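Student: Handing you a structure now.
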Amino acid sequence: MRFYWTTIKVRDIEKSLQFYQEIVGLKVHSRFKAGPDQEIVFLGEGDTKVELIYNKELKEINIGQDISLGFEAKNLEEKMNFITEKGINIHSGPFAPNDNVRFFYVLDPNGVKIQFVEQS
């Protein structure tokens with residue numbers, strides 16, 4: 001079985017796109033209207049994507065507090081500096097659960113926890 005994508009419903013498609021392109025480093029794979037009040041964007045390369053769905057009529061978005069998306073960081077300190085220079089707060093971390101893994105979390109514009117992970 002293949003895992004295709006994770007869907008995130010967003011409040012502001014442009015802010016979310018800016019975050020996932022500029023901060024996370026994902027590229028737009030496809031972007032299209034799914035009706036007069038809805039837009040869908042797939043980001044990422046390879047088999048697994050992040051899908052952003054914006055619906056003008058959606059008033060409230062519920063984000064699970066215990067869910068996060070993890071992305072590779074080649075150098076954790078550089079990524080942390082880059083993120084703080086962009087005015088984004090570090091949500092928590094850095095953490096080092098063992099000698100080979102270090103990570104920290106930020107929140108995307110919708111409150112989704114994004115984890116940046118450095119593995120050695």
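The values are calculated or read from the model by the stated rules, or taken from the named source; none is laboratory data. Everything quoted here is computed from the prediction, not taken from an experiment. For neighbour counting, all protein chains shown are included, and Cβ atoms are generated from backbone atoms with ideal geometry for every residue, glycine included.
Student: Quick check on segment 22-39. Is at least one of its residues among the polar types (S, T, N, Q) and closer than 21 Å to SER120 by Cβ?
Tutor: no
Student: If I filter segment 59-75 down to residues being within 16 Å of the chain's Cα centre (by Cα) and part of a loop (DSSP other than H, G, I, E, B), which single residue comes out as nearest to GLU45 (Cα to Cα)?
Tutor: The selected residue is ALA73.
Student: Are any residues in segment 64-77 within 18 Å of LEU107 (Cα to Cα) and at pLDDT 95 or above, and if so, which ones?
Tutor: LEU69, GLY70, PHE71, GLU72, ALA73, LEU76, GLU77 - these are the residues of segment 64-77 that are within 18 Å of LEU107 (Cα to Cα) and at pLDDT 95 or above.
Residue-by-condition table, conditions (1) assigned by TED's automatic domain parsing to the domain that holds ARG2; (2) out of contact with any Gly (no Cβ under 9 Å at 6 or more places or on another chain); (3) over 22 Å from GLU14 (Cα atoms):
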| residue | (1), (2), (3) |
| --- | --- |
| GLU45 | yes, yes, no |
| LYS49 | yes, yes, no |
| PHE71 | no, no, no |
| ILE88 | no, yes, no |
| ASN98 | no, yes, yes |
| ARG102 | no, no, yes |
| VAL112 | no, no, no |
| GLN115 | no, no, no |
| GLU118 | no, yes, yes |
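Student: While we're here: Between LEU26, LEU17, which is at pLDDT 95 or above and part of a loop (DSSP other than H, G, I, E, B)?
Tutor: Exactly one residue qualifies, and that residue is LEU26.
Student: Something else about it: How many residues does segment 76-100 hold that are outside any helix (DSSP H, G or I), surrounded by fewer than 14 Cβ atoms within 10 Å (Cβ to Cβ) and out of contact with any Ser or Thr (no Cβ under 8 Å at 6 or more places or on another chain)?
Tutor: 8
Student: Spot the failing condition for ILE53; the list is (1) farther than 22 Å from GLN119 by Cβ; (2) part of a loop (DSSP other than H, G, I, E, B), and only one is missed.
Tutor: Result: ILE53 passes all but (2).
Student: Does segment 105-117 include one or more residues that are modelled with pLDDT of 95 or more, assigned to a helix (DSSP H, G or I), under 12 Å from the mean Cα position of the chain (by Cα) and of a type in the set (Ser, Thr, Tyr)?
Tutor: There is no residue in segment 105-117 that is modelled with pLDDT of 95 or more, assigned to a helix (DSSP H, G or I), under 12 Å from the mean Cα position of the chain (by Cα) and of a type in the set (Ser, Thr, Tyr).
Student: Answer yes or no as to whether PHE32 is part of a strand (DSSP E or B), more than 18 Å from GLY111 (Cβ to Cβ) and touching a Ser or Thr at 6+ places or on another chain (Cβ under 8 Å).
Tutor: no
Student: Tally the residues that are farther than 11 Å from GLU118 by Cα and among the hydrophobic types (A, V, I, L, M, F, W, C), restricting the search to segment 89-106.
Tutor: Here the count works out to 2.
One line per residue, one yes/no per condition, for (1) under 20 Å from GLY111 (Cβ atoms); (2) among the β-branched types (Val, Ile, Thr):
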{"site": "SER16", "(1), (2)": "yes, no"}
{"site": "ILE23", "(1), (2)": "yes, yes"}
{"site": "LEU26", "(1), (2)": "yes, no"}
{"site": "ASP37", "(1), (2)": "no, no"}
{"site": "VAL41", "(1), (2)": "yes, yes"}
{"site": "LEU52", "(1), (2)": "yes, no"}
{"site": "ASN55", "(1), (2)": "yes, no"}
{"site": "LYS59", "(1), (2)": "yes, no"}
{"site": "ASN62", "(1), (2)": "yes, no"}
